[in-house]
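The structure under discussion appears below in the form of structure tokens.
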Amino acid sequence: QLQLVESGGGLVQPGGSLRLSCAASGSTLRHYAMGWFRQTPGKEREGVSCISARGGSIQYADSVKGRFTIFRDNAKITLQMNSLKPEDTAVYYCAADPQGIATLDVVGYDYWGQGTQVTVSS
């Protein structure tokens, strides 16, 4: 019954910042690992960042380390994106894994939001 809804996407200039949020309904996120993924046309969906159910394990893709930060509570998950680059342009999805273990592999997640568009351009 878990539903996820992303928000916060939009158009931003290179070097700018955006904050993405993913809100849960139907269930608390307390026992779920959460991940952010992104996808561009013609490419496979890739993991961006993830966080375990208890928040003790966090992972980032090499391409976003030092620029993106993930954090959570029991109702939503947030991705703070700084120093954005044109190559960050994609549809960003949040996802939930009831096993509670953080991973950047898309097959580990059972629930997905509808996505929010992020465009980095001058």
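The values are calculated or read from the model by the stated rules, or taken from the named source; none is laboratory data. Given the structure is predicted, the values throughout are model-derived calculations rather than measurements. When we count neighbours, we look across all protein chains shown, and the Cβ atoms used for this are built from the backbone with ideal geometry, even at glycine. We work out accessible area using only protein heavy atoms, side chains counted, and drop any ligands, DNA or RNA first. Shrake-Rupley method; radii C 1.70, N 1.55, O 1.52, S 1.80 Å.
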Distance in nm between pseudo-label sites at Leu104 and Ser83 (7 Å out along the Cβ direction from Cα): 1.6 nm
Using a probe radius of 1.4 Å on heavy atoms only, what accessible surface per residue do you get for the chain? Whole Å² is fine. 51 Å²
Residue-level accessible surface for Ser83, protein heavy atoms, 1.4 Å, Å²: 60 Å²
Return the long-range amide H neighbours of Gly100 (sequence gap of 5 or more, or a different chain), with a cut-off of under 5 Å between placed amide H atoms. Ala33
Rounding to the nearest 20 debye, state how big the charge dipole of the stretch 1-93 is about its Cα centre with +1 on each Lys and Arg Cβ and -1 on each Asp and Glu Cβ. 200 debye
Kirkwood Rh, Cα atoms: Rg over Rh of the chain: 0.94
Can you give me the % of accessible surface on the chain that is carbon or sulfur? Probe 1.4 Å, all protein chains present, nothing else counted. 47 percent
How big is D for the stretch 76-122, in µm² s⁻¹ as a whole number, if Stokes-Einstein is applied with the Kirkwood radius of its Cα pairs at 10 °C and 1.306 mPa s? 128 µm²/s
Which residues does a label at Phe71 reach in the stretch 4-46, if reach means a backbone N under 19 Å from a point 7 Å past the Cα toward the Cβ? 7-9, 17-24, 29-30, 33-36
